[in-house]
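*Asks:* Input: one structure, supplied below.
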Amino acid sequence: MDELVRRWERGWGLCRGLKSPADRGSALEVVLGLPDRDRELFALDDRTAVVERLANEVATATRPVWLTVTTHQPDETAALLEHAGLDLFAERKLLMSIPLRDHPSATVAPEYRLESSSDGPLEYARILDADGTLAARGMMALVGSDAVMHDIHTDPAHRRRGLGRVVMGMLSRRGIQGGATTGLLMATADGSALYGVLGWAAEATMLTATTPATPGRGTRRPSSGSGRTSSRTAECGCECRPGTGCRTDQRRIA
C-alpha cells in the first residue's frame, strides 16, 4: 500500500499545485495552509500502532490537520480514529486503478463540444454545451508511468448523458500518449460506480479524519461507532470539504 499511496499522492499534489510532501516514513505530510486544513497526513501503513500514533498527533494539533488512512480494514481503522477523538468524515472513498490500455472511449453527443488542453504534466478535459456553458470537466497529472485523475465532475443539469465517460476516455488517451500505463484516482461513493463500469478496480478504502473542533481535543474516549462521524460531504466533485477553499474548484479548469 505504501508505494501505491505515494504514486497517487504525487499526481494529486500536482493537480492541486502543492509542494512535494515531507516523507516521515510512516506518513507523507502535505502543507495546504487552509483555514480548516492546515496540513494533511497520508498514512503509508494501516497497522494499529501506526494509525494510533498519527491519530494522537492530529488530535492534539494546535491547527486543523487532516489524517487520511488507506486501508483494507476500514471498520477497524475508523474505530481507531474515533477512539483517538478525531472527527471522522462520513464519506469513505476508494483508491482505484486501471490499466490505461483497457479504458473504454466514448464519443460526445453532437450538442456538446469536447475540449482539451495541457500545462506541463497536467492535462485538462472539458465539455461545453451549445451555449458554451461548462457541462463536465476533469484533469489528470502525468507522473512517470501513472496518470492520476482528479476533479472529475459533471454538472447536475447534464448528468446521465455519458459525459463523465467521455471526459475519462479523453484523459486516458492523453495519458497513454504521454507514456502512462496505469490510471489512479481517489473516488467518491458516487464516482466509484461510474469508474467501476469503466473497468476501474478498487485497491483500498480511504478514510479521512480531522483535528476535533470541540473542547477536550486530544482526549481519548471510547469509540462511539458512527455517532461522532462528521456529516461533512464534498461540494466540488473532488476530495475537498466545505470550508477548505478548494483550489481545484476555484480554477474550474480555466
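*Asks:* Does ARG126 satisfy the condition of being closer than 19 Å to CYS15 by Cβ, surrounded by fewer than 24 Cβ atoms within 10 Å (Cβ to Cβ), touching a residue at least 40 places away in the same chain (Cβ under 8 Å) and in contact with a helix residue (DSSP H, G or I) (Cβ under 8 Å, 6 or more places away or on another chain)?
*Replies:* Values: closer than 19 Å to CYS15 by Cβ: yes; surrounded by fewer than 24 Cβ atoms within 10 Å (Cβ to Cβ): yes; touching a residue at least 40 places away in the same chain (Cβ under 8 Å): yes; in contact with a helix residue (DSSP H, G or I) (Cβ under 8 Å, 6 or more places away or on another chain): yes.
Spelling it out, ARG126 is indeed closer than 19 Å to CYS15 by Cβ, surrounded by fewer than 24 Cβ atoms within 10 Å (Cβ to Cβ), touching a residue at least 40 places away in the same chain (Cβ under 8 Å) and in contact with a helix residue (DSSP H, G or I) (Cβ under 8 Å, 6 or more places away or on another chain).
*Asks:* Any idea which of (1) assigned to a helix (DSSP H, G or I); (2) surrounded by 24 or more Cβ atoms within 10 Å (Cβ to Cβ) is the one GLY196 doesn't satisfy?
*Replies:* It fails just one condition, (2).
*Asks:* Here's a follow-up. Looking at VAL51, VAL30, which one is surrounded by 17 or more Cβ atoms within 10 Å (Cβ to Cβ), in a helix (DSSP H, G or I) and either modelled with pLDDT under 95 or β-branched (Val, Ile, Thr) (or both)?
*Replies:* Only one candidate qualifies: VAL51.
The values are calculated or read from the model by the stated rules, or taken from the named source; none is laboratory data. Values in this document were obtained by computation on a predicted structure and should not be read as measured data. Because the Cβ atoms are built from the backbone with ideal geometry, glycine has one as well, and the counts that use them run over all protein chains shown.
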